[in-house]
Amino acid sequence: MGKKYYVVWAGHDTGVFDSWDECQLVVNGFPGAKYRSFPNREAAVAAYRGESAASDVDLLKAIASRPVISVNYEAFSEIDKNGIAVDAGCRKNPGPVEYRGVDLATGQEIFHVGPLEGGTNNLGEFLAVVHALALLDKQGREGVTIYSDSATAMAWLRNRHAKTTLAPTPQNSNIRALVARAESWLNTHVLRNHVTKWRTEEWGEIPADFGRKG
């Protein structure tokens with residue numbers, strides 16, 4: 001049997017995974033997990049981006065509903081147009097939180113996780129940065145700039161630890177597990193991509209913004 005690749009659209013994490021072991025880690029215990037295997041990476045990436053003729057109508061609808069953000073930064077030559085912008089959105093604090101990454105060159109959403117119950121905006125911002133770092137590392141893409149508008153997330157990144165005051169509860173167990181996984185990744189990998197502050201006051205809202213505050 002040939003090697004398979006796995007796409008996870010709904011799980012503790014989302015994206016294209018190289019093995020069933022990796023896929024299993026992010027779908028086990030996730031209510032309503034949505035995932036599928038593909039015979040090669042190209043088909044998996046296409047399906048994750050919504051470019052395939054997959055038979056699961058619900059999955060296609062979910063992918064199609066993800067917005068493509070219009071990007072035009074010609075006036076800002078200092079922005080790395082090949083970079084990734086990340087952000088998080090939280091309906092309450094604590095409350096359901098989601099985060100995503102957007103490709104600045106195309107405006108395409110390249111990952112989107114959540115909502116995760118019982119989280120905070122800072123945790124979402126931290127997870128978004130680490131997710132982008134891990135994704136680029138997995139793809140072997142060094143030197144890509146990651147933009148975040150969160151000073152807190154960047155401070156936690158420097159310390160390789162999320163200094164949150166969120167009390168552990170059964171409700172926030174999923175997001176706490178992701179944070180522990182992110183911290184473990186940071187402490188076992190060399191960072192090969194630069195994370196820099198998105199200058200909102202000059203450039204406007206970060207392209208990964210969810211359009212809600214607090």
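The values are calculated or read from the model by the stated rules, or taken from the named source; none is laboratory data. All figures in this text were calculated on a predicted structure; none of them were measured in a lab. Neighbour counts run over all protein chains shown; Cβ positions are idealised from the backbone, glycine included. Just the protein is used for accessible areas: all its heavy atoms, side chains included, with ligands, DNA and RNA removed. Shrake-Rupley method; radii C 1.70, N 1.55, O 1.52, S 1.80 Å.
Shown are 99, 6, 35, whose ranking by accessible area with a 1.4 Å probe and every protein chain present, most to least, is 35, 6, 99.
Stretching the chain fully between residue 184 and residue 155 yields a gain of 8.8 nm (0.36 nm per residue, less the alpha carbon separation). Here r is the Cβ-Cβ distance between residue 41 and residue 145 and R0 is 30 Å; the resulting FRET efficiency, rounded to 0.05, is 0.75. For the stretch 102-181, trypsin sites (Lys or Arg not before Pro) are listed when DSSP marks them as loop and at most 16 other Cβ atoms sit within 10 Å of their Cβ; the list is 141, 160, 163.
If you sort 30, 38 by accessible surface, 1.4 Å probe, largest first, the order is 30, 38. The listed residues 148, 37 rank as 37, 148 when sorted by accessible area, largest first, using a 1.4 Å probe. Considering only Cα atoms, the convex hull volume of the stretch 129-169 works out to 93 Å³ per residue.
Estimate the FRET efficiency between residue 117 and residue 137 by the formula 1/(1 + (r/R0)^6), using the beta-carbon distance for r and 30 Å for R0, to the nearest 0.05. So the FRET efficiency works out to roughly 0.60. Return the subset of 81/197; 3/138; 92/138; 4/34; 92/163 for which the Cα-Cα distance in this structure is over 22 Å, preserving the input order. Pairs exceeding 22 Å: 92/138. For the pair residue 92 and residue 19, the difference between a 0.36 nm per residue extended length and the Cα-Cα distance amounts to 22.8 nm.
The distance between label points at residue 169 and residue 108 comes to 3.9 nm (points 7 Å beyond Cα on the Cα→Cβ vector). Note on residue 205 and residue 192: the extension gain reaches 2.1 nm, defined as 0.36 nm multiplied by sequence separation minus the Cα-Cα distance.
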